[in-house]
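The block underneath contains the structure these notes are about, expressed in structure tokens.
The values are calculated or read from the model by the stated rules, or taken from the named source; none is laboratory data. Model, not experiment: these values are computed from the prediction. Note that we place each Cβ from the backbone using ideal geometry, even for glycine, and neighbour counts take in every protein chain shown. All accessible areas refer to the heavy atoms of the entire protein, side chains included, with ligands and DNA or RNA removed. Shrake-Rupley method; radii C 1.70, N 1.55, O 1.52, S 1.80 Å.
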Amino acid sequence: MSTTRKHTALPKARILIEALPWLTRHNGKVVVIKFGGNAMVNEELKNAFAQDVVFLRQAGLKPVVVHGGGPQISAALDKHGIVSEFKAGLRVTTEDAMDVVRMVLAGQVQRELVGLLNQHGPLAVGLTGEDAHTITATKHQPEIDGELVDIGRVGEITAIDTGAIEALLADGRIPVVSSIARSQDDGHVYNVNADTAAAALAAALGAETLMVLTDVEGLYEDWPDSDEVISRLTASQLEKLLPELSSGMVPKMEGCLHAVRNGVQTARVIDGRVQHSILLEIFTDEGIGTMVVPDAEEEGDDA
């Protein structure tokens, strides 16, 4: 009996020991995680995500979760008879649509995520960018074919106030932030891209790492001709690639670029379709996504 137990326990011990240098390196550090894609709609992945975030917290890190809710918003707009329209990769957000966006993000997606995290203890606290001036924005008008286009209540972030989030972190809580911003100038609220919001918060918090969950394995070397994932690249290398990326990847990779250019040590795009992808990325030698590092760290060893 004891021999069998030894054999089954040993691999577990080895896995924990492999994680030790990473646990030591990340201890006490802020990690901002953008929750999105398939992981938001698949029950097993949602539960695994919540376990990962709680594990990070119990392992001495300070996770902050930022989420959008594209699929849920589209479903709710359909139910309300509001047509979903996209321009320049952004959802056109009318006043009526904004009410639905706010309701879905703060009242549905955030609540569910807070509930999943809090199955493990009194940890998660939900807020939106409106709370305590966490995210302030002004109207965003994208340029399409040289023309500025009005896409309604879509915001461009102008300021971040990390006070409320830092107070929660100091209290051992896990902040869960919905990507809605207060207006800088007209008393309304804005829908802001969650990738952009996560990157802005990571920079303002001086986070160690920004992690963006996606529905792909990472950034591909030569898509669609090859499915070889680029495991690591510098800010300058990423900047050169940006014009060639698919529209869905642009805000994610622009967010990673913004983060590492503004004090975040590493930014990673990881496959949210893989259970426990966050732990695999942070605590193992393999790493499973694409990691962006500041230019100066090209030669350095990083995890």
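Ignoring ligands, DNA and RNA, what percent of the 1.4 Å accessible area of the chain is carbon and sulfur?
51 percent
Inter-label distance, ALA9 to VAL250: 5.6 nm, where each label sits 7 Å from its Cα along the C-beta direction.
Quick one: ranking THR284, THR24 by accessible area, 1.4 Å probe, largest first, what do you get? Mind dumping the intermediate values first?
Working: THR284 30, THR24 95 Å².
Output order, biggest surface exposure first: THR24, THR284.
Considering every alpha-carbon pair of the stretch 76-142, the percent of pairs per 5 Å bin, from zero through the bin containing the longest distance, is 3, 13, 18, 21, 19, 13, 8, 4, 1.
The calculated 222 nm mean residue ellipticity attributable to helices in the chain amounts to -12000 deg cm²/dmol, summing -39500 (n - 2.57) over DSSP H runs of n ≥ 4 and dividing by all residues. Note on the chain: along the principal axes its Cα atoms extend 68, 43, 34 Å, ordered by decreasing extent.
Take every pair of alpha-carbon atoms less than 8 Å apart whose residues are at least six positions apart; their mean separation over the length of the chain yields a relative contact order of 21 percent. Of all DSSP bridge pairs formed entirely within the stretch 64-207, close to 50 percent run antiparallel. Shape summary of the stretch 45-196, radius of gyration then Dmax from alpha carbon positions: 16.2, 51 Å. Per-residue extension of 0.36 nm, minus the Cα-Cα distance of GLU143 and LEU241, leaves a gain of 33.3 nm for this segment.
Compared with the dominant Cα axis of the chain, that is its longest principal axis, helix 43-58 is turned about 70°.
Checking the Cα-Cα distances for LYS34/LYS240; LYS87/LYS252; LYS12/LYS62 against a 20 Å cut-off, the pairs over it are LYS34/LYS240; LYS12/LYS62.
Backbone amide hydrogens, once placed in the peptide plane, bring ARG232 within less than 5 Å of MET291, excluding anything fewer than 5 places away on its chain.
Against the chain, whose longest principal axis comes from its Cα atoms, helix 249-261 is set at around 70 degrees. Roughly how many Å is it from the Cα centre of the stretch 82-135 to that of the stretch 143-161, as a whole number? Cα centroid of the stretch 82-135 versus Cα centroid of the stretch 143-161: 19 Å apart.
Considering every Cα-Cα pair within the stretch 11-126, what fraction, in whole percent, is farther apart than 26 Å?
34 percent
The residues of the stretch 1-94 expose, per residue, 54 Å² of accessible area to a 1.4 Å probe. Relative to its residue count, the stretch 208-274 spans a Cα convex hull of 82 Å³ per residue.
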